[in-house]
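Report on one structure; see the data block that follows.
The values are calculated or read from the model by the stated rules, or taken from the named source; none is laboratory data. The structure displayed is predicted, hence computed values, not measured ones. Cβ atoms come from the backbone with ideal geometry, glycine included; neighbour counts cover every protein chain shown. With ligands, DNA and RNA removed, areas are computed over all heavy atoms of the protein, side chains included. Shrake-Rupley method; radii C 1.70, N 1.55, O 1.52, S 1.80 Å.
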Amino acid sequence: MAKYGMVIDITRCTGCYNCFLTCRDEFCGNDYPGYAAAQPMAGQNWMRVIETERGKYPKVKVAYTPVTCMQCEEAPCIKAARDNAVYRRPDGIVIIDPVKAKGQKQIVSACPYRVIEWNEEKQLPQKCILCAHMLDRGEKEPRCVESCPTGALVFGDMDDPNSAISRLLAAGNTESLHPEYELEEKVSYLGLHKKFVAGTVIYGDKGECADGAEVTLSHDGKVQKTTTNGFGDFEFEGLPSDTEYTVKIEAKGYKPQELKALTRIDVYLGEIVL
Ligand code: SF4
Ligand code: SF4
């Protein structure tokens with residue numbers, strides 16, 4: 001028996017919304033008895049793409065984070081349901097029974113990821129089922145995975161050591177979107193955005209971008225180095241939150257500059273004139 005899971009590689013996600021659209025194409029107006037009732041034509045997102053603006057002008061980035069049911073091992077939605085209305089299949093997929101769950105609105109608020117939607121017309125909680133109806137008829141992947149043009153969604157059998165998902169998990173770089181929930185999610189992430197510290201260095205006497213200035217980022221004895229590019233820009237990516245760094249900028253013939261950067265948010269230090 002396969003144990004299904006998914007890795008969402010944020011570094012490959014371009015925010016094209018194909019996954020969102022194909023999910024709606026699969027479920028809007030289509031009943032799959034025993035798996036899920038039809039999704040309403042408006043108002044529900046079983047696969048949503050969250051857009052996050054990072055930094056400030058002129059150093060702005062957009063991060064896309066696809067979010068769906070995490071198929072948790074320790075699923076609060078299962079615990080909140082009466083009558084086994086939510087259950088985990090032997091392959092790990094968590095299903096909300098479209099008959100037994102009728103009227104059980106408490107299931108919606110049990111999910112800390114807020115991925116269960118309430119169907120007012122049918123009085124039914126609903127969510128992603130990893131296209132279990134397709135897998136059971138022999139398809140290899142859910143619709144969202146099939147439709148992703150960049151390979152950002154990697155789905156497969158986590159018990160098969162040769163599957164793409166097992167190899168990604170074995171590499172040890174995946175992480176939970178919210179490890180603090182402690183739910184043992186079967187959907188994990190690669191490349192979740194952290195924080196950056198960036199700036200632009202200028203030679204004051206020439207009024208030019210400082211190409212090749214040395215920039216050192218340090219905190220608690222740990223040091224990272226980079227050099228400015230032809231536009232005088234530098235950036236350190238993937239930094240932990242709420243950490244105070246010292247940024248030192250050095251260039252031959254100029255007095256070094258030292259600044260502080262606290263990664264409560266993404267930090268753009270602005271123009272730094274040597
Ligand atoms: S993400 Fe939410 S809906 Fe999905 S299994 Fe976990 S608790 Fe249940
Ligand atoms: S289809 Fe793939 S690239 Fe497009 S938004 Fe979804 S995960 Fe990202």
**Request:** Enumerate lysine pairs in the stretch 132-274 that are 8 or more residues apart or on different chains, then count those whose Cα atoms are under 20 Å apart.
**Result:** 17
**Asked** So how tilted is helix 18-27 from the main axis of the chain? Cα-based, degrees 0 to 90, rounded to 10.
**Response** 10
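Ignoring any ligand, DNA or RNA, what whole percent of the accessible area of the stretch 64-138 comes from carbon and sulfur when the probe is 1.4 angstrom? Write down the numbers at each step before the final one.
On the way: 1520 of 3090 Å².
So the carbon and sulfur contribution to the accessible surface is 49 percent.
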**Fill in**
Lone Cys, the chain, Cβ cut-off 4.7 Å -> Cys13, Cys16, Cys23, Cys28, Cys72, Cys77, Cys111, Cys131, Cys148, Cys209
**Item:** aspartates and glutamates whose Cα lies under 20 Å from that of Lys122, excluding same-chain neighbours fewer than 8 positions away
**Value:** Asp25, Glu26, Asp31, Asp83, Asp97
**Asked** In Å, what is the Rg of the alpha-carbon atoms in the stretch 148-274, and how long is Dmax?
**Response** 19.7, 62
**Request:** Kindly provide the helix-only [θ] at 222 nm of the chain, computed as the sum of -39,500 (n - 2.57) over DSSP H runs of four or more divided by all residues, to the nearest 500 deg cm²/dmol?
**Result:** -3000 deg cm²/dmol
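Leaving out ligands and nucleic acids, and using a 1.4 Å probe, what accessible area per residue does the stretch 85-165 come to in Å²?
Using a 1.4 Å probe on heavy atoms only, each residue of the stretch 85-165 averages 43 Å².
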**Item:** Portion, in percent, of the accessible area of the stretch 175-262 that falls on carbon or sulfur, probe 1.4 Å
**Value:** 48
**Item:** Spin-label model distance (nm) - Glu51 vs Glu271, 7 Å beyond Cα toward Cβ
**Value:** 3.0
**Message:** I want the local charge near Ile8. Using Cβ-Cβ distances under 13 Å, sum +1 for each Lys or Arg and -1 for each Asp or Glu among the other residues.
**Reply:** 0
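Taking 2.2 N^0.38 Å as the expected size of a compact globular protein, what ratio does the Cα radius of gyration of the chain give against it, to two decimals? Working shown, then result.
Details: Rg = 23.4 Å, N = 274, 2.2 N^0.38 = 18.6 Å.
Its radius of gyration relative to the 2.2 N^0.38 Å reference: 1.26.
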**Prompt:** So for the pair Ser218, Asn173, with labels modelled 7 Å out along Cα→Cβ, what separation do we get in nm?
**Reply:** 2.9
**Message:** I want to check the label-to-label distance for Ala63 and Lys260. Put each point 7 Å from Cα in the C-beta direction and report it in nm to one decimal.
**Reply:** 2.4
**Message:** Rg over Rh of the stretch 15-120, using C-alpha atoms and the Kirkwood radius, what does it come to?
**Reply:** 1.04
**Message:** Under 18 Å from a point placed 7 Å out from the Cα of Thr246 along the Cα-to-Cβ direction: which residues of the stretch 201-223 have their backbone N that close?
**Reply:** 214-223
**Asked** Gain in length, Lys102 to Tyr87, computed as 0.36 nm per residue apart minus the alpha-carbon separation, to one decimal in nm?
**Response** 4.0 nm
**Request:** Quick one: check the C-alpha center-to-center distance for the stretch 158-236 versus the stretch 1-37, whole angstrom.
**Result:** 28
